[in-house]
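Worksheet: the structure to be examined is printed underneath.
The values are calculated or read from the model by the stated rules, or taken from the named source; none is laboratory data. Note that the structure is a prediction, hence the values are computed from the model and not measured. A quick note on method: Cβ atoms are made from the backbone with ideal geometry, for glycine too, and the neighbour counts reach across all protein chains shown. Remember, those area values only see protein heavy atoms, side chains included, never the ligands or the DNA or RNA. Shrake-Rupley method; radii C 1.70, N 1.55, O 1.52, S 1.80 Å.
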Amino acid sequence: MTFEETLQERIDSRTKPKGALGQLERIAYKVGMIQHSVTPQLIDPVLLVMAADHGIVEEGVSPCPKEITWQQCINFVSGGGACSVLARQNGFRLRVIDVGVDYDFPEACRIESAKVMHGTRNMLHEPAMTTEECAEAMMIGAQCVAQEAERGSNVIAFGEMGIGNTSPATLILHKITGRSIASIIGPGSGLRGSGLEHKTKVLEAVAARYNPQSPMELLSQMGGLEIAAICGGVLEAYKRGMLILADGVIATSAFMVAHEMEPRIVDNVLFAHTSEEPGHQAMIDYFGGEAILSLEMRLGEGTGALVAYPIIQSAVAFMNNMRGFDDAAVCRVD
């Protein structure tokens, strides 16, 4: 038998009707394929939260002041954020990395300093980043993942913090899939009515300004520093053979750019949930993916990946610990 057949037989031969554990069986199969093992292990999961600010907020695309970016980063490392609470609950180590926050954190702060610049430029008027700045942010993400892989982790999740970052995420989805901005735009931190109409017009104007010819051009012109860092991290995690957990619309936009650069990354990705942001399901559809949860979440920070993780643990647990028909002396049901 091929390894794929051996793995499927392992799943099918547990004491249950074939397919009776539904999506858990598909998750188990994927994790087994990533690790090339019929008894995969989940080791030392890590959440990397990449933080950065965005020049496009000058155009009123978010109801929140950009100061919330740095304030929330401090909240995360002091244990008070949603990602902090859920990381503790689910056994994740949490790292918060400043790749472009428009604030200088105190040296004593536990936020990791890797600042490329103090936020992107206003992409309505000029590209968000140069290709060199974008490449530097990608390298930071790759280095963070490499550190974790070398420490022994084989599960990596990505979160983000950056007021205004649904705007670059929407533009990335628009440029890669061709879907209209009006059909995929969402409220972000809470825009409604005329505010959402204004955001749509601003993003349509940005989209009309640029015609990127490569994934790197797209990321540089209309992306974010935290999105670039996640993109670089995803590519490195794939090279390292890690299980990669995708969160919400901003993080998944980085996965889209990474996929344009290396389509095989999808082999290592589990989609944690379907966000309430309208564009997120379109992103998952682009990958031909399947979300684990749908809980009306749209917070970001990696929270969806954290909440979905116990289900992934359950999938691995049944494959490793559930008896087979022969071992349990139970008649096989196919």
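Just a yes or no: is a residue in segment 128-143 at pLDDT below 95, on the phi < 0 side of the Ramachandran plot and of a type in the set (D, E, K, R)? Don't jump to the end; show me each part of the working.
Step one: of segment 128-143, the residues at pLDDT below 95 are none.
No, segment 128-143 contains no residue that is at pLDDT below 95, on the phi < 0 side of the Ramachandran plot and of a type in the set (D, E, K, R).
For segment 25-55: of the residues being in contact (Cβ under 8 Å) with a residue 40 or more places away in the chain and of a type in the set (S, T, N, Q), which is nearest to TRP70 (Cα to Cα)?
Here is the first cut: in segment 25-55, the ones in contact (Cβ under 8 Å) with a residue 40 or more places away in the chain are 25-28, 30-35, 38-55.
After this cut, where a residue has to be of a type in the set (S, T, N, Q) as well, the list is 35, 39, 41.
Details: GLN35: 37, THR39: 42, GLN41: 36 Å.
Here the answer is GLN41.
If you scan segment 167-184, which residues turn out to be touching a helix residue (DSSP H, G or I) at 6+ places or on another chain (Cβ under 8 Å), open to solvent by 20 Å² or more (accessible area, probe 1.4 Å) and either without any contact (Cβ under 8 Å) to a residue 12 or more places away in the chain or of a type outside the set (Lys, Arg) (or both)? Even if it seems obvious, please write down each step before you answer.
Here is the first cut: in segment 167-184, the ones touching a helix residue (DSSP H, G or I) at 6+ places or on another chain (Cβ under 8 Å) are 167-177, 179-184.
The next check asks that each one be open to solvent by 20 Å² or more (accessible area, probe 1.4 Å); those that pass are 174-177, 179-180, 182-183.
Within segment 167-184, HIS174, ILE176, THR177, SER180, ALA182, SER183 qualify.
Has segment 42-56 got at least one residue that is open to solvent by 20 Å² or more (accessible area, probe 1.4 Å) and among the hydrophobic types (A, V, I, L, M, F, W, C)? Steps first, please.
Quick first cut of segment 42-56, residues open to solvent by 20 Å² or more (accessible area, probe 1.4 Å) only: 42-44.
Then keep just the ones that are among the hydrophobic types (A, V, I, L, M, F, W, C); that gives 42-43.
For segment 42-56, residues open to solvent by 20 Å² or more (accessible area, probe 1.4 Å) and among the hydrophobic types (A, V, I, L, M, F, W, C): present.
Using the structure shown, decide if VAL234 is closer than 24 Å to ASP102 by Cα, modelled with pLDDT of 95 or more, of a type outside the set (Gly, Ala, Ser) and in contact with a helix residue (DSSP H, G or I) (Cβ under 6 Å, 6 or more places away or on another chain). Steps first, answer last, please.
Numbers: closer than 24 Å to ASP102 by Cα: no; modelled with pLDDT of 95 or more: yes; of a type outside the set (Gly, Ala, Ser): yes; in contact with a helix residue (DSSP H, G or I) (Cβ under 6 Å, 6 or more places away or on another chain): yes.
No, not satisfied.
Can you pull out the residues in segment 142-195 that are of a type in the set (A, V, I, L, M, F, W, C), closer than 18 Å to PRO215 by Cβ and in a helix (DSSP H, G or I)?
ALA142, ALA169, LEU171, ILE172, LEU173, ILE176
Of GLY91, GLY100, GLY141, which residue is among the small types (Gly, Ala, Ser), within 27 Å of ALA272 (Cβ to Cβ) and open to solvent by 30 Å² or more (accessible area, probe 1.4 Å)?
Numbers: GLY100 fails: open to solvent by 30 Å² or more (accessible area, probe 1.4 Å); GLY141 fails: open to solvent by 30 Å² or more (accessible area, probe 1.4 Å).
Every option except GLY91 fails the conditions.
Can you name the condition, by its number, that GLU197 falls short on among (1) surrounded by 22 or more Cβ atoms within 10 Å (Cβ to Cβ); (2) over 19 Å from ILE176 (Cα atoms)?
GLU197 satisfies every listed condition except (1).
It is to be established whether one or more residues within segment 201-213 are in contact (Cβ under 8 Å) with a residue 12 or more places away in the chain, under 19 Å from the mean Cα position of the chain (by Cα) and open to solvent by 50 Å² or more (accessible area, probe 1.4 Å). Talk me through it step by step, then tell me what you get.
Residues of segment 201-213 that are in contact (Cβ under 8 Å) with a residue 12 or more places away in the chain, as a first pass: 202-207, 209-210, 212.
Add one more test, that the residue is under 19 Å from the mean Cα position of the chain (by Cα), and what stays is none.
No, every residue in segment 201-213 fails to be in contact (Cβ under 8 Å) with a residue 12 or more places away in the chain, under 19 Å from the mean Cα position of the chain (by Cα) and open to solvent by 50 Å² or more (accessible area, probe 1.4 Å).
Looking at segment 247-261, is at least one residue farther than 21 Å from THR177 by Cβ, touching a helix residue (DSSP H, G or I) at 6+ places or on another chain (Cβ under 8 Å) and small (Gly, Ala, Ser)? Working first, answer last.
Step one: list which residues in segment 247-261 are farther than 21 Å from THR177 by Cβ, which gives none.
No, that holds for no residue.
Just to be sure before I move on: is ALA135 open to solvent by less than 10 Å² (accessible area, probe 1.4 Å) and either under 15 Å from GLY100 (Cα atoms) or not in a helix (DSSP H, G or I) (or both) in the structure I sent?
Working: open to solvent by less than 10 Å² (accessible area, probe 1.4 Å): no; either under 15 Å from GLY100 (Cα atoms) or not in a helix (DSSP H, G or I) (or both): yes.
Answer is no for this residue.
Before we move on, is LEU24 touching a helix residue (DSSP H, G or I) at 6+ places or on another chain (Cβ under 8 Å) and not in a helix (DSSP H, G or I)?
On the way: touching a helix residue (DSSP H, G or I) at 6+ places or on another chain (Cβ under 8 Å): yes; not in a helix (DSSP H, G or I): no.
So LEU24 does not fit the description; no.
Working only within segment 6-41, note down all residues that are among the charged types (D, E, K, R) and either under 24 Å from LYS239 (Cα atoms) or surrounded by 14 or more Cβ atoms within 10 Å (Cβ to Cβ) (or both). First the steps, then the outcome.
So the first thing to find is which residues in segment 6-41 are among the charged types (D, E, K, R), and the list is 9-10, 12, 14, 16, 18, 25-26, 30.
Of everything in segment 6-41, those that are among the charged types (D, E, K, R) and either under 24 Å from LYS239 (Cα atoms) or surrounded by 14 or more Cβ atoms within 10 Å (Cβ to Cβ) (or both) turn out to be ARG10, ASP12, ARG14, LYS16, LYS18, GLU25, ARG26, LYS30.
For LEU191, only one of the following conditions fails: (1) modelled with pLDDT of 95 or more; (2) surrounded by 18 or more Cβ atoms within 10 Å (Cβ to Cβ). What is its number?
(1)
Could you please find all residues in segment 123-166 being in contact (Cβ under 8 Å) with a residue 60 or more places away in the chain and of a type in the set (D, E, K, R)?
Answer for segment 123-166, where residues must be in contact (Cβ under 8 Å) with a residue 60 or more places away in the chain and of a type in the set (D, E, K, R): GLU133, GLU148, ARG151, GLU160.
Would you mind stating whether ARG121 is modelled with pLDDT of 95 or more, open to solvent by 60 Å² or more (accessible area, probe 1.4 Å), closer than 19 Å to ALA229 by Cβ and in a loop (DSSP other than H, G, I, E, B)? It would help to see each step written out before you state the result.
On the way: modelled with pLDDT of 95 or more: yes; open to solvent by 60 Å² or more (accessible area, probe 1.4 Å): yes; closer than 19 Å to ALA229 by Cβ: yes; in a loop (DSSP other than H, G, I, E, B): yes.
Here the answer is yes, as ARG121 does meet what is asked.
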